[in-house]
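Reviewing the structure listed below.
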Amino acid sequence: MGAAPRRLAAIVLLGALCCCCYYTQVSRAESVGYGELEEEWRGEVVQLSWKPRAFHIKGFLSEEECDHIINTSKPQLEESLVVNSDTGKFMKSTVRTSLGAQFGRGFDAVFRRIEKRIASVTMIPVEHQEGTQVLHYVNGQKYDVHYDTFHDTVNSRKENGGQRIVTFLMYLSTPEEGGETVFPFADLKVSGPGWSECALQGFAHKPKRGDAMMFYSLTPDGKVDPASQHGSCPTLKGTKWSATKWIHIYPFGMAPPTPDPNGCEDTNESCAEWAFFDECTKNPGYMLTGCKKSCKTCGPAAAGAQAEHSAGAKEALKTA
Ligand SMILES: *[C@@H]1O[C@H](CO)[C@@H](O)[C@H](O)[C@H]1NC(C)=O
Ligand SMILES: *[C@@H]1O[C@H](CO)[C@@H](O)[C@H](O)[C@H]1NC(C)=O
């Protein structure tokens, strides 16, 4: 419990004092963030490393928020999930085989509140965030070293949100041994007791329930940072639960509809996100009529472009 109730009290007070000025500004910014979920967060951000640019965010989630994410994920674990284009919900598929659970952005009120808080801390609007990926590691399970950035030209296109700039990793449990997030190409190394052998190969951060760690995949000049390659060390004792949020340089999955004289339009604001998850191929019945623009089914180069897009989306799933 701890800090959460006090924090909420502060928010309510702030809301009551500021409601007039707040509401007059809403219309200007109504497409940015979740306006109804204003809150203040007064946690601590500690700089960890410059190569990569990594920061420790202490006390980011309350106990209840950690439990809520874990509870919501449990029934979906060990199933491969993709977006269903009729409901916008994630559902089983054979395409994705990673363990864990995926939640679309704005999944429920708790996720929305957390997404808004992530937006404040990262200083990047909610629209730039992907959904949330929850992972569960036990018995030596790990995530090998990888980049979070895309290395194909399709997924880093502006209409797909562009490149991923920041990864925001939330820790929902404290593993007893191992499970560190490790950066083998960082310019620092951890040492001393308490680290697993895997963590000692580079710079590492220990998961602690309720804390978060964010790191930039891009350097300030916009280039992919080789030091941002990272992995999850084997969880040797206890359980590791993490929730990951990838944040893009442009809004993700919300390309505004551009009226087209040839009727080449998306009829739903989620079309781009669904197309990103390859729904144009998997669910053509709805997608090829309702999401023509995102599925690129109009215009002379449509067929080729669509094939290219699907390949890119699959690559993105592997990267993710
Ligand atoms: C999570 O699930 C546990 C066990 O069923 C329950 O006791 C707890 O109240 C739940 N917490 C939240 C925040 O959903
Ligand atoms: C878009 O699709 C979602 C999920 O199916 C639905 O809830 C929403 O109302 C749709 N929006 C529009 C404008 O049709």
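Every number in this text was worked out from the coordinates using simple rules, so none of it is lab data. Every value quoted in this text rests on a predicted model; they were computed, and no experiment measured them. Using ideal geometry, Cβ is built from the backbone for each residue, glycine included, and neighbour counts are taken over all protein chains shown.
Across all directions, the average flat footprint of the convex hull enclosing the Cα atoms of the range 139-186 is 5.0 nm². With neighbours defined as other Cβ atoms within 10 Å of a residue's Cβ, the residues Arg105, Arg164, Arg112 order from fewest to most as Arg112, Arg105, Arg164. As a proxy for reagent exposure, ranking Asp187, Asp221 by other Cβ atoms within 10 Å from fewest up yields Asp221, Asp187.
For the range 182-287, the list of trypsin sites (Lys or Arg not before Pro) that fall in a loop by DSSP and count at most 12 other C-beta atoms within 10 angstrom reads Lys223.
On the basis of the beta-carbon distance and an R0 of 22 Å, Asp221 and Glu44 show a calculated FRET efficiency of 0.20. Within the shell of other residues whose beta carbon sits under 10 angstrom from the beta carbon of Thr219, the net charge comes to +1, with Lys and Arg scored +1 and Asp and Glu -1.
For the range 29-248, a Kirkwood radius taken over Cα pairs fed into Stokes-Einstein (10 °C, viscosity 1.306 mPa s) yields D = 89 µm²/s.
So, in Å, what gap is there between the alpha-carbon centers of the range 97-170 and the range 199-249? When both Cα centres are located, 12 Å separates them.
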